[in-house]
Amino acid sequence: MRALTYQGAKDVRVETVPDPVITANDDIVLRVTATAICGSDLHIYRGKIPGMKDGDILGHEFMGVVEDAGPGVNGLQRGDRVVVPFVIACGSCFYCDKTLFAACENTNTGRGAILNKKNATPGAGLFGYSHLYGGYAGGQAEYVRVPRANVGPLKIPEGLNDEQVLFLSDILPTGYQAAVNAQVGPGACVAIFGAGPVGLMSALCARFLGAQQIFMVDHNEYRLRFAAETYGVIPINFDKDEDPAEIILGATNGHGVDATIDAVGFEAKGSALETALTAIKLEGSSGKALRQCIAATRRGGVVSVPGVYAGFIHGFLFGDAFDKGLTFKMGQTHAQKFMPELLQHIAEGRMKPEVIISHRMKLEDAARGYEIFEQRQEECRKVVLTP
Ligand SMILES: NC(=O)c1ccc[n+]([C@@H]2O[C@H](COP(=O)([O-])OP(=O)(O)OC[C@H]3O[C@@H](n4cnc5c(N)ncnc54)[C@H](O)[C@@H]3O)[C@@H](O)[C@H]2O)c1
Ligand SMILES: [Zn+2]
Ligand SMILES: [Zn+2]
């Protein structure tokens, strides 16, 4: 089959690789019909995720048609159309029982060894996301093996096309969990940092949950413009306004917003000093977006972090966070938990996540898709690939 493979930083290629096969009773093999490139893939693309091997197949946002199912798969058969969550979960461990699927203890056993920590609790395996997350082949491919098929894949009713439901695999539940973690309710005032796909889905979900006022911070003018037109956000361009938190405080009687959502993560554009310290590994991540979130949140408010972080940050104002009595909620999305209700909202016309798609390309052109998305060329918001 053809698949998009990692060959080193900024080097991904579509190659011919062996077809996947069923290896466990509860596996399915999926014929992929649509797959997307995620901001999380960009961390890999930029060489920032350890545990990648040349030839690894990328991609964790995908859907398709069941081609083959193991004897232990219940409720799915050849020909069924499903969307697959990026998190691989067993459905019955200590964490899965608490619906904390991204913390599943049974799908990523290699991590402790890689991190060289004896008692590291692993966290779930993820599709196409390095050997730190289980070394599973991803879905930017013609076919993909889906383990634990009784827990992840969600059947799609007739009448909904691929684009309408594809983002159930990751960014829609991620935006939803971010807004739920931010305790967004009717009348809430929210600030979202990052106007990428995750920031846009957070805006969609914050609106859906009743947010009255949404500030959105980025420096890609075209993304801010789209968010203002589509979700009615108040855009703040940090290239023009250096201190967005200051503007947000000014617009909220000096209080700050009820909640901030950091949809940027550890590669946030920060100060030159921070970038230099990160490059020589004295700093683990850029704390720029997180600091801005802490500064822009009112006392007693919430900082919700869907953006990915890795390692340490020195410039983290914990004293400010304590003084303001902030609540922090963060982490990988427990996608399985939210998919059924979100599918319902899509089916009944309350959510239209597909409007953010800007690029539709063939899987064969995936390398160019990565380049366009990473370089923010052609006003790129989200790339969908079809095999
Ligand atoms: N928690 C999860 O399960 C989960 C799921 C999907 C994605 N993610 C993470 O969410 C983050 C965003 O993903 P995406 O697909 O939207 O990526 P993206 O790279 O397309 O978007 C990030 C946006 O942040 C902006 N940005 C950079 N520095 C900033 C700063 N200092 N202040 C404000 N904005 C800034 C960029 O200009 C860009 O538009 C990534 O870290 C990704 O790994 C997490
Ligand atoms: Zn993703
Ligand atoms: Zn589990």
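The values are calculated or read from the model by the stated rules, or taken from the named source; none is laboratory data. Source: prediction; values computed, not measured. Virtual Cβ from ideal backbone geometry, glycine too; neighbours counted across all protein chains shown.
This table checks each residue for (1) in contact with a strand residue (DSSP E or B) (Cβ under 6 Å, 6 or more places away or on another chain); (2) farther than 21 Å from LYS324 by Cα; (3) assigned by TED's automatic domain parsing to the domain that holds ALA296.
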position: CYS189; (1), (2), (3): yes, no, yes
position: CYS205; (1), (2), (3): no, yes, yes
position: LEU209; (1), (2), (3): no, yes, yes
position: VAL217; (1), (2), (3): yes, yes, yes
position: ALA245; (1), (2), (3): no, no, yes
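GLY311 falls short on exactly one of the conditions (1) under 21 Å from the mean Cα position of the chain (by Cα); (2) at negative phi, and that condition is (2). Quick check on region 43-69: of everything there that is surrounded by 13 or more Cβ atoms within 10 Å (Cβ to Cβ) and out of contact with any strand residue (DSSP E or B) (no Cβ under 7 Å at 6 or more places or on another chain), which residue is farthest from ALA124 (Cα to Cα)? So, considering only residues that are surrounded by 13 or more Cβ atoms within 10 Å (Cβ to Cβ) and out of contact with any strand residue (DSSP E or B) (no Cβ under 7 Å at 6 or more places or on another chain), the one farthest from ALA124 (Cα to Cα) is GLY47. Tell me, which residue of region 147-187 that is more than 16 Å from ligand 1 (Cβ to nearest atom) and of a type in the set (S, T, N, Q) is farthest from TYR136 (Cα to Cα)? Among residues in region 147-187 that are more than 16 Å from ligand 1 (Cβ to nearest atom) and of a type in the set (S, T, N, Q), the one farthest from TYR136 (Cα to Cα) is GLN183. Criterion applied to ALA245, ALA295, ALA259 was being surrounded by fewer than 21 Cβ atoms within 10 Å (Cβ to Cβ) and either farther than 23 Å from PHE208 by Cβ or away from ligand 3 (no atom under 16 Å from the Cβ) (or both), and the one residue passing it is ALA295. Scanning region 173-207 for residues that are among the β-branched types (Val, Ile, Thr) and surrounded by fewer than 24 Cβ atoms within 10 Å (Cβ to Cβ) yields a count of 1.
Yes or no, residue by residue, for (1) within 16 Å of ligand 2 (Cβ to nearest atom); (2) closer than 21 Å to ILE346 by Cβ; (3) outside any helix (DSSP H, G or I); (4) at pLDDT 95 or above:
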| residue | (1), (2), (3), (4) |
| --- | --- |
| LEU166 | yes, yes, no, yes |
| VAL184 | no, yes, yes, yes |
| LEU200 | yes, yes, no, yes |
| CYS205 | yes, yes, no, yes |
| ALA228 | no, no, no, yes |
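Residues in region 11-23 that are surrounded by fewer than 17 Cβ atoms within 10 Å (Cβ to Cβ) and either free of Cβ contacts under 8 Å to residues at least 60 places away in the same chain or closer than 19 Å to ASP80 by Cα (or both): ASP11, GLU15, THR16, PRO18, VAL21. Of all the criteria given as (1) of a type in the set (Phe, Trp, Tyr); (2) more than 18 Å from LEU154 (Cβ to Cβ); (3) crowded, with 17+ Cβ neighbours inside 10 Å, the one not satisfied by PHE86 is (2).
Would you say ALA34 is modelled with pLDDT of 95 or more and within 16 Å of ligand 3 (Cβ to nearest atom)? Judged against the criteria, ALA34 is not a match.
Residues in region 43-68 that are closer than 18 Å to PHE167 by Cβ and assigned to a loop (DSSP other than H, G, I, E, B): LEU58, GLY59, HIS60.
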